């Protein structure tokens, strides 16, 4: 089947590690409070576990999120996983705002990470994303990303390697 020219292509043919960015409709800041950020992060962690995706890094901001995750045997479960995540969080927000039927999510973009350097750079990028967007001075102090978890659980030598990767040249959709 030919690629649709106006939408991101999702090639989920094989098991692997994927980098995902999801954005809200018209870049609206739907997740602008602590409760809303927590709601989305909790749902992300639950849905990833339900579908067998092993999160390696995540960052949740007011109008987008990033994640790095290892797929289960069938990477095709990414689409239904994100569909459930988006539908559930949209319904909850719309109930909270008395805006039933309002569009919350726009699209998501995914990339399979096939090179170690690309994987390590994106781990660093996602963990540091709150600093990149100016919502935190120190990523480990931002509760809606994996930076503090990474600091607590990853081997110190691995942390040093990941932090050594420059993210300035990464081609990441992040114009939020």
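The values are calculated or read from the model by the stated rules, or taken from the named source; none is laboratory data. Not measured: the values here are computed from a predicted model. Glycine gets a Cβ as well: all are built from the backbone with ideal geometry, and neighbour counts include every protein chain shown.
The table below gives the values:
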{"read-out": "Count of residues meeting criterion [outside any helix (DSSP H, G or I), modelled with pLDDT of 95 or more and surrounded by fewer than 20 Cβ atoms within 10 Å (Cβ to Cβ)] in region 63-87", "value": "3"}
{"read-out": "Failed item in (1) part of a loop (DSSP other than H, G, I, E, B); (2) touching a helix residue (DSSP H, G or I) at 6+ places or on another chain (Cβ under 6 Å); (3) under 19 Å from residue 34 (Cα atoms); (4) touching a residue at least 12 places away in the same chain (Cβ under 8 Å), with residue 103 passing the rest", "value": "(3)"}
{"read-out": "Residue that is modelled with the highest pLDDT [pool: residues in region 14-51 that are in a loop (DSSP other than H, G, I, E, B), surrounded by fewer than 19 Cβ atoms within 10 Å (Cβ to Cβ) and in contact with a helix residue (DSSP H, G or I) (Cβ under 7 Å, 6 or more places away or on another chain)]", "value": "16"}
{"read-out": "Odd one out for residue 166 among (1) touching a strand residue (DSSP E or B) at 6+ places or on another chain (Cβ under 8 Å); (2) outside any helix (DSSP H, G or I)", "value": "(1)"}
{"read-out": "Residue satisfying condition, being at pLDDT below 95 and more than 27 Å from residue 33 (Cβ to Cβ), within set 153, 111", "value": "111"}
{"read-out": "Qualifying residue in region 130-144 (condition: more than 14 Å from the chain's Cα centre (by Cα), in a loop (DSSP other than H, G, I, E, B), at positive phi and without any contact (Cβ under 8 Å) to a residue 40 or more places away in the chain)", "value": "yes"}
{"read-out": "Cβ pairs under 9 Å, 6+ apart, first in region 152-174 and in contact (Cβ under 8 Å) with a residue 60 or more places away in the chain, second in a helix (DSSP H, G or I)", "value": "172/122; 172/125; 174/125; 174/129; 174/132"}
{"read-out": "Count of residues meeting criterion [surrounded by fewer than 16 Cβ atoms within 10 Å (Cβ to Cβ), free of Cβ contacts under 8 Å to residues at least 60 places away in the same chain and outside any loop (DSSP other than H, G, I, E, B)] in region 106-129", "value": "2"}
